[in-house]
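Before any comments, here is the structure.
The values are calculated or read from the model by the stated rules, or taken from the named source; none is laboratory data. Nothing here was measured: the structure is a model prediction, and the numbers come from that model. Methodologically, a virtual Cβ is constructed for each residue, glycine included, from the backbone with ideal geometry; neighbour enumeration extends over all protein chains shown.
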Amino acid sequence: MDNVPDTTSTTDTQESPDEQQLRDALAQNLIDVGAARSAEVVAAFRTVRRHLAAPEADMSSTYEPETPTITKTDEHGVHISSVSAPRIQAMQLEQAELEPGMSVLEIGSGGVNAANIAEVVGESGHVVTMDIDPDVTDRALRFLKATGYQNVTVLTDDAENGARGHGPFDRIIVTVQAADIPPAWRDQLKDGGRLVVPLRMRAMTRTVAFVRNGDKLVSDGFDLCGFVPMQGLGENRVRLAVLHDGKDEQVGLRLDGHPEPDTVALAKSLTRPQTKVWSGVMLGGSESSEHLDLWLTTALDNLPLMAAEPGARKRGLVASASPLGIPTLVDGDSFAYRTVRATDQEDRFELGAIGHGPRAEQVAEHLVEEIRAWHRDRRSHRPRIEVYPAGTPDDQLPATGRRIERRHARITITWP
Ligand SMILES: C[S@@+](CC[C@H](N)C(=O)[O-])C[C@H]1O[C@@H](n2cnc3c(N)ncnc32)[C@H](O)[C@@H]1O
């Protein structure tokens with residue numbers, strides 16, 4: 001491990017009486033929501049003194065299951081480093097299926113999650129945690145020193161080339177949003193090993209658990225998530241095509257390989273009356289649309305995500321404003337986005353589409369047709385996501401489904 005002066009004083013690290021209560025309550029919450037399922041992951045959350053990684057933050061907030069602790073923001077106000085929310089960390093640890101004695105690479109550091117991993121792999125295992133930002137690795141080093149984890153190596157480097165001079169790893173856990181899979185990540189993973197990565201596919205991010213099979217990575221489950229964007233050689237941010245601007249009421253389309261929209265025509269359509277079309281398809285209150293949305297982006301070529309600030313919703317410009325973005329079918333001067341409405345059955349919501357523009361009804365109908373197709377033919381199916389090296393010939397890729405072309409990889413989404 002690199003050497004840094006120990007700037008954490010003894011007073012900072014002395015255990016306060018409420019700490020264990022906070023950790024136990026967090027662990028119980030993670031069990032209750034299904035994020036922590038194995039005894040080892042639960043034990044890690046009962047043990048790691050996560051608040052010590054961000055001494056400037058309010059201690060209790062660092063133990064809130066859904067709250068990331070933001071540690072760095074760029075000049076545009078974009079969060080570029082954080083200690084991830086405990087629920088997301090637990091979800092990824094379970095996806096990784098860690099076992100004692102394993103060697104694990106964590107991409108995107110902070111210290112806390114490396115300590116979680118170290119708890120699960122135990123003293124016979126080893127963790128390499130890396131970050132592009134020396135401020136982050138300094139913080140991680142101070143935290144790991146104060147908390148006494150010996151089997152963690154901290155590296156400062158761009159993860160585009162993996163952890164040079166280390167590996168091969170049984171597991172790689174990426175904790176920063178990636179649009180591509182650099183070859184080093186696959187090559188530094190043992191065959192049969194698991195890569196857990198928040199992969200962005202056509203603007204939608206899912207933390208996907210992949211298993212390496214030779215040159216190919218094959219998914220074994222995924223979950224909905226949001227992560228800070230990749231920096232360095234692999235930086236590849238979504239582009240926002242703005243349809244409406246204004247303080248706290250911006251509305252735009254997040255583009256990620258989608259056709260260039262006619263923003264002038266679409267902006268005009270946004271201010272025209274909306275048309276709603278309902279599908280008859282229901283979602284349970286706590287049911288996520290993570291599979292439906294992947295189906296929609298598989299089936300529809302021009303489906304960017306609509307991003308709207310809360311003020312746009314208050315002003316009635318749009319009906320929903322999710323931070324993750326809302327699938328929006330664009331067709332020339334018209335567009336329609338997915339929505340839900342309450343029904344007379346408590347906890348059941350009907351899916352539908354809200355259309356804008358001269359062909360609002362037609363475009364909304366088209367989106368709703370695909371919602372119905374998902375419900376009828378695919379709702380009980382799970383898509384398969386595969387990553388092939390760039391340059392793999394077409395005839396070696398699945399014949400149906402969606403292909404996403406990146407610099408290093410050809411990513412496919414197929415539905416059985
Ligand atoms: C969400 S934070 C990591 C949180 C951490 N795993 C935890 O919870 O303990 C994501 C990190 O990825 C780092 N990052 C971004 N691009 C990177 C790159 N190309 N190589 C390595 N790290 C990168 C950022 O500096 C940021 O600190």
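Structural remarks
- Within region 319-336, the set of residues being under 12 Å from residue 357 (Cβ atoms) and either more than 21 Å from the chain's Cα centre (by Cα) or acidic (Asp, Glu) (or both) comprises 329, 330, 331, 332, 333, 334, 335, 336.
- Per-region count, region 66-95, residues within 23 Å of residue 180 (Cβ to Cβ), within 15 Å of the chain's Cα centre (by Cα) and away from the ligand (no atom under 11 Å from the Cβ): 2
- Test: residue in region 388-400 that is closer than 30 Å to residue 252 by Cα and either surrounded by fewer than 21 Cβ atoms within 10 Å (Cβ to Cβ) or in contact with a strand residue (DSSP E or B) (Cβ under 6 Å, 6 or more places away or on another chain) (or both): no
- Among the residues of region 264-294, those that are surrounded by fewer than 16 Cβ atoms within 10 Å (Cβ to Cβ) and assigned to a loop (DSSP other than H, G, I, E, B) comprise 271, 272, 273, 285, 286, 287, 288.
- In region 78-91, the residues that are of a type in the set (Gly, Ala, Ser) reach residues that are in a strand (DSSP E or B) and near the ligand (Cβ under 6 Å from one of its atoms) with C-beta atoms within less than 8 angstrom, at least six apart or across chains, in these pairs: 81/131.
Quick grid of which residues meet (1) crowded, with 19+ Cβ neighbours inside 10 Å; (2) modelled with pLDDT of 95 or more; (3) among the charged types (D, E, K, R):
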| position | (1), (2), (3) |
| --- | --- |
| 163 | yes, yes, no |
| 170 | yes, yes, yes |
| 173 | yes, yes, no |
| 180 | yes, yes, yes |
| 186 | yes, yes, yes |
| 192 | no, yes, no |
| 196 | yes, yes, no |
| 201 | yes, yes, no |
| 205 | yes, yes, no |
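- Selection of region 368-395 for residues being farther than 26 Å from residue 338 by Cα and of a type in the set (Gly, Ala, Ser) yields 390, 391.
- Residue list for region 119-135, restricted to those being within 25 Å of residue 231 (Cβ to Cβ), touching a Gly at 6+ places or on another chain (Cβ under 7 Å) and of a type in the set (A, V, I, L, M, F, W, C): 132
- Per the listing 170, 138, the residue uniquely more than 9 Å from the ligand (Cβ to nearest atom), of a type in the set (Asp, Glu) and not in a strand (DSSP E or B) is 138.
- The lone exception for residue 143 - which of (1) more than 23 Å from residue 193 (Cα to Cα); (2) without any contact (Cβ under 8 Å) to a residue 60 or more places away in the chain it fails: (2)
- Residue in region 52-65 that is free of Cβ contacts under 8 Å to residues at least 40 places away in the same chain, assigned to a strand (DSSP E or B), within 15 Å of the ligand (Cβ to nearest atom) and surrounded by fewer than 19 Cβ atoms within 10 Å (Cβ to Cβ) present: no
- Residues that are loosely packed, with under 12 Cβ neighbours inside 10 Å and under 22 Å from residue 308 (Cα atoms), drawn from region 337-359: 341, 342
- Which numbered condition residue 227 fails, given (1) more than 24 Å from residue 296 (Cα to Cα); (2) within 11 Å of the ligand (Cβ to nearest atom); (3) surrounded by 18 or more Cβ atoms within 10 Å (Cβ to Cβ): (1)
- When region 150-163 is limited to residues that are within 12 Å of the ligand (Cβ to nearest atom) and of a type outside the set (A, V, I, L, M), the one that is farthest from residue 108 (Cα to Cα) turns out to be 161.
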